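First comes the structure, then the notes that go with it.
What follows draws every value from the coordinates through simple rules; no lab data is involved. Computed from a prediction, not measured in an experiment: that's the story for all the values here. A quick note on method: Cβ atoms are made from the backbone with ideal geometry, for glycine too, and the neighbour counts reach across all protein chains shown.
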Amino acid sequence: MKTMSLFVLFLCLGLAGFPQSTIVGKKAPAIEVENWIYPKIQVAGWRTGVVPPNWRGRRVVLDFWFTQCAPCVASIPELNQLAKQFPEILFLSISFDSSDVIQRFLDKMILYYPVGSDPQQKIIQAYGVTSFPETFFIDENGIIQWQGSPFQLNRMLIDQLLGKEQKMKKIQLNPAEKKSENCAYKFTLQENHSGMLQSSYYHANPYDIQVFNKDMEDMLKVFYGINKSRILTKDSALLKTTYDVTLKADRELTTHANCIEILKFLLPQQLKIELRAYSKDTLAGRIQIKNIAMLNGHLSKSPHPGTSFQSDQWVGKGLTIDQMKDFLEDNYSILLEFETTDVRKFDFVIPAKDLNKAKAMLAEEYGLAIDSIHGKIKFWRIIKR
C-alpha cells in the first residue's frame, strides 16, 4: 500500500492539471458516497450547507484530491475563496482517503466545503480521473461544462461558465485571511503546519507564483539560485521552517520577470531577514572538461530539463554542467566551481549516495574531472533584522 501511495503522489506532482481524457459535454456521473465529512469551523458568518440528497438542478464544482498530494492541498485556499464568493454553487470534493484520514487532516487544514470519502475509487473511476488534483464544473442540467486543474479555476472563468457577469460579493474576511496587497500584486506568506513532511509543491506561471510546504533552504535555491552549501546562518531552524507563499501580479502593471523579482524582494522583507553576499578564501572543488568527445556522447535530446531519483542514482535530463554542479553541491554539501561558458544540455546519471563513486562516474563516463582549488568562494549570510 505504501508503494502505491508514493506512486500516486509522484503522478500527482508530474501530471497535475493535465487530464488524460475529457468528459466535457457529457452527463456527469452520480456523486454517491456513504459519508460526507463537513468543515469543522464557521468562517466569518459563512457556513457550508449540508450536501443535498439530490444535487440535480444545482451548479456544482467537484474537486478530486487526496491528503498527501501537495498540489492538491496547495489549491485548497483558492477553492475556499471561490466557495465563499459563489454561495449559489455547490462546492464538493472527493478523496480516496478514508474518513478517519480526512477527519485528521481537517484538524490541521481549513476547508470550507464537504469532502466525500471514496476509498474504493468508484466515483474517481467514473469521472476518469488519472491525475490529481482535477476539478469539474457541472451545470444545473447535470452536464459537465469544464474540466481542468483547480489552479485554472478562477472568478472570471466561473462567471463565463455561469454565462453572466457577477459583481464581487462583499465578504468579511478574518484577519488571518487578509492579504497584503497594492495596485500591482497580492502577496501572502505563512508557515505551513499541515504535517506533510517532504511533500511539497511549486509553480511559477506567468503572473502567478504558488509555493506550498517548502522550507527556506529550498526557496533560496528555487528563487535565488543559492545552494545550501553556500548559506551561512546560526539559525538552522529558520532554514527548515516550511512556508506557503502566493504572489499574484497584475499583468497590466507588471511583467513575468518582474513577478519573480517582486517575490525575491518581498520574501526576506516579510521574514525580517537580509541576504548578504560575500566572498572568503576557502578550499573547494573545480569541475574541468578533460575529454570533450566523451562528454559530447551525452548531449541531450530532451526538449525540457528534468530530474528524478531512481534507486540510489540521480537522473538529470536536458541540463547544463552548471545545473549538474548544483545537484552535487546540494546533495553532497560540498563547494564546487565551474569556470567554462559551456551552456549545452546533457543527460546525466550519477550515484546519489557516494561522492567518490559520483566523481569516478563523471571521469569515466563524461570526461569531467574534479580537482581541488583554493580561492575566494562566494557565500551568503542570513542576517535577522
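At 7 Å along Cα-to-Cβ for each site, give me the label-to-label distance between T233 and I23 in nm.
Distance between label points: 4.6 nm.
At each listed q (0.18, 0.20, 0.24 Å⁻¹), what is the log10 of I(q)/I(0) that the Debye formula gives for segment 280-384 modelled as equal alpha-carbon point scatterers?
The computed values of log10 I(q)/I(0) come out as -0.89, -1.08, -1.45.
Quickly work out the E78-to-A284 label distance, labels modelled 7 Å from Cα along the C-beta direction, and quote it in nm with one decimal.
The answer from the label model is 3.8 nm.
To make sure I understand the rule: partners must be aspartates and glutamates, Cα under 12 Å from the Cα of K378, and not fewer than 8 residues away in the same chain. Which ones qualify?
Answer for K378, where 12 Å is the Cα cut-off: D281, E337, listed by chain and number.
How would you rank S200, S98, going from fewest to most other Cβ atoms within 10 Å of each one's own Cβ? Display every interim value, and only then the final one.
On the way: S200 20, S98 14.
Placing the least packed residue first, the sequence is S98, S200.
Arrange R381, R59 by Cβ neighbour counts within 10 Å, fewest through most, would you? Don't skip to the answer; put the middle values down first.
Numbers: R381 14, R59 19.
Final ranking by Cβ density, sparse to dense: R381, R59.
Would you work out the Kirkwood radius for segment 223-321? I mean one over the mean of 1/r across all pairs of different Cα atoms, in Å. Display every interim value, and only then the final one.
Numbers: mean 1/r = 0.0550 Å⁻¹.
Across segment 223-321, the inverse of the average 1/r is 18.2 Å.
List residues of segment 213-229, by number, whose backbone nitrogen lies under 11 Å from a label position 7 Å along Cα→C-beta of A277.
Of the residues in segment 213-229, 225-226 have backbone N under 11 Å from the label point off A277.
Mind sorting H374, H298 by how few other Cβ atoms lie within 10 Å of their own Cβ, fewest first? Before the final figure, lay out the partial values.
Working: H374 9, H298 16.
Ordered from fewest to most neighbouring Cβ atoms within 10 Å, H374, H298 come out as H374, H298.
In the neighborhood of G57, defined by Cβ-to-Cβ distances under 11 Å, what is the net charge if each Lys or Arg adds +1 and each Asp or Glu adds -1? Mind showing how you got there, number by number?
Values: positive: R56, R58, R59; negative: D139, E140.
Net of charged neighbours comes to +1.
Write down the percent of antiparallel bridges among all DSSP beta bridges whose residues are both part of the chain, to the nearest 5. Intermediate values should be presented prior to the final figure.
Values: 61 of 75 bridges.
The antiparallel fraction comes to roughly 80 percent.
Given labels modelled 7 Å from the Cα in the Cβ direction, how far is it in nm from K240 to S302?
In this crude label model, K240 to S302 measures out at 3.0 nm.
So what is log10(I(q)/I(0)) for segment 178-271 at q = 0.11, 0.16, 0.18, 0.25 1/Å, when the Debye sum runs over its Cα atoms only?
The calculated log intensity ratios at q = 0.11, 0.16, 0.18, 0.25 Å⁻¹ are -0.32, -0.66, -0.83, -1.39.
Under a point-charge model restricted to the Cβ atoms of Lys and Arg (+1) and Asp and Glu (-1), what is the dipole moment magnitude of the chain relative to its Cα centre, in debye to the nearest 20? Could the numbers behind the result be given before it?
On the way: 47 positive and 41 negative charges, 154 e Å.
Approximately 740 debye in magnitude.
What do the square roots of 5 times the Cα gyration tensor eigenvalues come to for the chain, in whole Å, largest first, as semi-axes of the equivalent ellipsoid?
Details: eigenvalues 376, 124, 73 Å².
One finds semi-axes of 43, 25, 19 Å for the chain.
Quick check: residue separation of V50 and T340 times 0.36 nm, minus the Cα distance between them. What number comes out in nm? Write down the numbers at each step before the final one.
On the way: separation 290, 0.36 × 290 = 104.40 nm, distance 6.37 nm.
Computed gain between V50 and T340 is 98.0 nm.
Between segment 278-309 and segment 134-160, what is the separation of their alpha carbon centroids in Å?
Between the Cα centre of segment 278-309 and that of segment 134-160, the gap is 44 Å.
Starting from 0.36 nm per residue, how many nanometres of slack lie between D354 and D159 once their C-alpha separation is accounted for? Intermediate values should be presented prior to the final figure.
Numbers: separation 195, 0.36 × 195 = 70.20 nm, distance 5.50 nm.
Full extension of this stretch gives 64.7 nm more.
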